[in-house]
Structure formats: structure tokens, C-alpha cells
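J.: Below you will find the structure I want to go over with you.
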Amino acid sequence: MTDCGADPGGSAGNRRLGVLISGRGSNLQAIIDAIAAGRLVAEVAVVVSNRPDAPGLERARRAGIETAVLDHTAHASREAYDRELAAVLRRYGVALVCLAGFMRRLSAGFVSAFPNRILNVHPSLLPAFPGLYGQEQAWRHGVRVSGATVHIVTPELDAGPIVAQASVPVHDDDTPETLSARILIEEHRIYPEAIGVVLDGGWRVQGRRFMRVGGSRAAGSAGRESAP
Ligand code: GRF
């Protein structure tokens, strides 16, 4: 794992986001709302969906954000798809790529084109329950606490350095749906916050650890957990 300096975009002041979606886009909406409310200083330069019918595209259009549909079924290979995806994101000059329910694995080539500049939000406390249906995996396992994680994307699935986490209780009468809803509230809270932290710079990745220079408290957990 490489170390990373204060400006992950390599171009000071660039706070342009490329948000990748496949579905309903509630995390996209949380990012849009955080920007509108002044809680996140950033600009969504483009929203890209691999599905032409993703409801999240309408959320982007309503907010006046440019959209692009890159249908994966129209591409011969993952690498070919990812090359075109990278070209679109470069065309929009994005500083940070934010996966928001983007239901595709990204190739090592794509990840290395945006080193330490791709974030994902996952509905469990990683490294527990990576992959699909993290909420249901946690519910089936019978854990008493689950939550949400924002992490830097590496070629390994859901395994990159953790930028922010938030926990939620699991109740006896929960269903996968009620637990998912409780986790989603935390996703919407910590994802914009973590994006701001990464855009602000002043952090580095050491080994697996995402560390803010000066040792500030991690995003997401602030205010929720007692001091160490
Ligand atoms: C979220 O639960 C996120 O954690 C996972 O996919 C879901 C996307 O939901 N990666 P939405 O499209 O943002 O509403």
C-alpha cells in the first residue's frame, strides 16, 4: 500500500466528484443534499450509471447534474468497460470517484488509474460481511451490532483502507429490511462527511490504515463513540 500526500487529486482545489450508480441512488441524493446544505464543499461533475433505467439518474437530472449511461452489456470485457469509464471520468476532470450502489467489480487497471481516489460505501462494519447483502449477512449471523463503512477502493472486494464507520444496534425483532433502513441512515450521514475529509487532504494511507495528519478523530465515529 502506498502512502498518499495531502492532495489526493494531485491538483489543489479540485473538488469535482464522479458518482457511479446502478440503482435507486439514495447515497447520491445524500451527497447532493449535503452539497446543497453547505455541509460538503464539492461539486458532482457527473453521475455515471451502468444501467439505463437506474432511478438515481432522475435524481441527478433533477439536481441539474450531467449524467452518462455506460451500459455494461454493450461492452466486450470488464477491461474495455473500465477503460471507457475512466475516460468519461477524466473528461469531467474528477478529483474523486464515489461508488454509490455501483454493482460492478472494478478492474485493477481502473483502480490504478485513480490511486487512493475511489471511495465506496458498504452496509456493514467491514471487514465483517463484505460482498452482496451485507445487512442480511449480519442479520443471519446474529451479530448485536452492525453498521456502515466508507473505504478506499482497492482491487480486492470491500477490503481497502477504512475512512469512516458508524455502528447501529441489531434488535431482536429486526428483519433484514428494518436493519437495512437503520444502516442506510448512517450511510447517508458518514458518506458525505468522509468525502469531505478525503477532499480536504491532510491524510495518508500507511499499511492498511487511513490516517489524518495530526491524528484527528476518524470521520463518522465522531460524536458517537466515547473517547479511547
Ligand atoms: C447501499 O446500501 C450501499 O451501502 C451499497 O449499495 C446500496 C446503494 O443504495 N453499496 P443507494 O443506491 O445509494 O440507495
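J.: So for region 95-228, considering every pair of alpha-carbon atoms, how many percent are separated by more than 23 Å?
T.: Working: 2790 of 8911 pairs.
Cα-Cα pairs of region 95-228 separated by over 23 Å account for 31 percent.
J.: In addition: Could you tell me the extents of the chain's C-alpha atoms along the three principal axes, largest first, rounded to whole Å?
T.: That gives 47, 41, 34 Å along the principal axes, largest extent first.
J.: If you don't mind, another one. With n ≥ 4 as the cut-off for DSSP H runs, can you work out [θ] at 222 nm for the chain, using -39500 (n - 2.57) per run divided by the number of residues, rounded to the nearest 500?
T.: Details: 6 runs with 71 residues, N = 228.
Rounded to the nearest 500, it is -9500 deg cm²/dmol.
J.: Have a look at LEU179, GLN206, LEU106 and report the one farthest towards the positive end of the charge dipole of the chain, computed about the Cα centre with Cβ charges (Lys/Arg +1, Asp/Glu -1).
T.: Of the candidates, GLN206 comes out farthest on the positive side.
J.: Around GLY131, under 14 Å between beta carbons, what's the net of Lys plus Arg minus Asp minus Glu among the other residues? Walk me through the numbers on the way to the answer.
T.: Details: positive: ARG104, ARG105, ARG140; negative: GLU136, GLU156, ASP158.
Taking every other residue near GLY131 into account, the sum is 0.
J.: Mind sorting ASP33, ASP71 by how few other Cβ atoms lie within 10 Å of their own Cβ, fewest first? Intermediate results must be reported in sequence, preceding the final value.
T.: Working: ASP33 14, ASP71 11.
Listing ASP33, ASP71 from fewest to most nearby Cβ atoms yields ASP71, ASP33.
J.: Evaluate the Debye formula for region 9-85 with equal point scatterers sitting on the alpha carbons, no solvent, and hand back log10 of I(q)/I(0) at q = 0.27 Å⁻¹, in q order, two decimals.
T.: -1.22
J.: Return the percentage of antiparallel bridges among DSSP beta bridges fully within the chain, rounded to the nearest 5 %. Intermediate results must be reported in sequence, preceding the final value.
T.: On the way: 15 of 32 bridges.
Among the beta bridges of the chain, antiparallel pairing accounts for roughly 45 percent.
J.: Something else now. So if I place +1 on the C-beta of Lys and Arg and -1 on the C-beta of Asp and Glu, and nothing else carries charge, what would the dipole magnitude of region 15-115 be about its Cα centre? I want it in debye, nearest 20.
T.: Values: 14 positive and 9 negative charges, 33 e Å.
Magnitude of the dipole: close to 160 debye.
J.: Count the net charge of all other residues whose Cβ sits under 9 Å from the Cβ of VAL46, scoring Lys and Arg as +1 and Asp and Glu as -1. The partial results should precede the final answer.
T.: Numbers: positive: ARG16, ARG91; negative: GLU66.
Net local charge, VAL46 excluded: +1.
J.: Nothing charged except the Cβ atoms of Lys and Arg (+1) and of Asp and Glu (-1): what's the magnitude of the dipole of the chain about its Cα centre? Round to the nearest 20 debye. Don't skip to the end; give the middle numbers.
T.: Details: 25 positive and 23 negative charges, 97 e Å.
Taking the Cα centre of the chain as origin, the dipole is about 460 debye.
J.: Let me ask something else. Extending each Cα 7 Å along its Cβ direction at ARG61 and ALA159, get the distance between those two points in nm, one decimal.
T.: It is 4.0 nm.
Laboratory data are not the source of any read-out in this text; all were calculated from the coordinates shown. Small disclaimer: the values here were computed from a predicted structure and weren't measured. Cβ atoms come from the backbone with ideal geometry, glycine included; neighbour counts cover every protein chain shown.
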